[in-house]
Amino acid sequence: MIRVRGLRKSFGDLVAVDGVDLDAEPGRILAVLGPNGAGKSTTVKCLVGLLEPDAGELVVAGHDLRKSPAQARRALSYVPEVAQLHDALTPLEYLQLRGRLFGLPEARIVTHGEALLDGFGLLERRDHPMAGFSKGMQQKVALASALLTRPRVLILDEPLSGLDVESTLVVKEVVRRFAMGGGTVLYCSHLLDVVESLADRVAVLARGRILAQGTLAELRSAAGAGSDARLDALFQQLTRSVDPVLRAAAILADPDAPAPSDPTEPEPETACPKS
């Protein structure tokens, strides 16, 4: 359902994505992990048509994004980390705008739109301008909008950003059920525990390249780790990131505290008092 081959994107002398290959199948959740600046968002923006790649093949639901961009984009919905909505519109008006752009029947837009807003706890605010909405409320409108068109592919870049605990649990279950119904999900996140509980496959990206890709068991094998190794340990090992324990100790260290003594050095001799 998603096929990426040899994706490359540069910004001047900076190579943000360098030969990325990705595959996501129907009914599966592919998570893309990586440190800041790894190339995750650039990859996603190329895949949804917001950036023009320098090279590579991008296929969504059987449609080549370069040859048939309209068909590819109609098959997917994209939710960024920070939703860019029309603040002057109400949630229902925003859903109506999206639905009309996709050519959906007006009655279906309203019926399905109100059901989605109700599911995300926003039905009572459906006629309120979004200018006064919190980040979490705007994110829920963006998620409702993404689902309105019944896409075959969901591309989510930090979709839980700004959400409260209850909404987070709801969205996680929505993602699971979307995949169980045959949909394909590409999920970018820094929340390793969420990825570990949701993803069927994980791609680890760093410095614009894929370091490893596969199931959790396959990542453990690639990292030479044991069968019980957690994803955070695998991520640290694969990306060669800093030891969080040492980094935390350095951050919290008191610069005015005396340096600890070396336990291998002998104690200084104390002169005996004269009798």
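Just so it is clear, none of the values below were taken in a lab; they were calculated from the coordinates. Only a predicted model underlies this, so the values are computations on that prediction, with no experimental measurement involved. Note that we place each Cβ from the backbone using ideal geometry, even for glycine, and neighbour counts take in every protein chain shown.
Computed from Cα atoms alone, the Kirkwood hydrodynamic radius reported for the stretch 85-150 is 11.4 Å. Summarising the strand pairing of the chain, around 55 percent of its internal DSSP beta bridges are antiparallel. Around the amide H of ILE210, modelled in the peptide plane, lie the amide H atoms of ASP21, all under 5 Å away and 5 or more residues distant in sequence or on another chain. With helices as the sole contributors, the chain gives -11000 deg cm²/dmol at 222 nm; each DSSP H run of n ≥ 4 counts as -39500 (n - 2.57), and the sum is divided by every residue. Based on the convex hull around the alpha carbon atoms, the chain presents an average projected area of 23.1 nm².
For the chain, set up a Gaussian network in which alpha carbons nearer than 10 Å are linked by springs, and say which option among LEU92, LEU252, LEU238 fluctuates the most. Of LEU92, LEU252, LEU238, the most mobile in the Gaussian network model is LEU252. If the Kirkwood radius is taken over C-alpha pairs of the stretch 1-104, then at 20 °C and 1.002 mPa s the Stokes-Einstein diffusion coefficient equals 141 µm²/s.
Angle of helix 135-148 to the longest C-alpha principal axis of the chain, folded into 0 to 90 degrees and rounded to 10: 50°. Each of SER41, SER221, SER227 was scored by other Cβ atoms within 10 Å of its Cβ. Listed from fewest to most, they are SER227, SER221, SER41. The shape of the stretch 109-250 can be summarised by an equivalent ellipsoid whose semi-axes, obtained from the alpha carbon gyration tensor, come to 34, 18, 12 Å from longest to shortest.
Rank ASP232, ASP200, ASP243 by mean-square fluctuation in a GNM of the chain with C-alpha springs under 10 angstrom and give only the top-ranked residue. In the Gaussian network model the winner is ASP243. Which of the trypsin sites (Lys or Arg not before Pro) found in the stretch 62-124 are in a DSSP loop and have at most 13 neighbouring Cβ atoms, other than their own, within 10 Å? When the trypsin sites (Lys or Arg not before Pro) of the stretch 62-124 are filtered for loop state and at most 13 Cβ neighbours within 10 Å, LYS67 remain. In this structure the amide hydrogen of CYS188, modeled in the peptide plane, comes within under 5 Å of the amide hydrogens of VAL32, LEU156, ASP157, GLU158, none closer than 5 places in sequence on its chain. Taking amide hydrogens as placed 1.01 Å from N in the peptide plane, the amide H of LEU89 sits under 5 Å from those of MET130, each at least 5 positions away in sequence or on another chain.
For LYS40, a cut-off of 18 angstrom between C-alpha atoms picks up these lysines, skipping any fewer than 8 places away in its own chain: LYS9.
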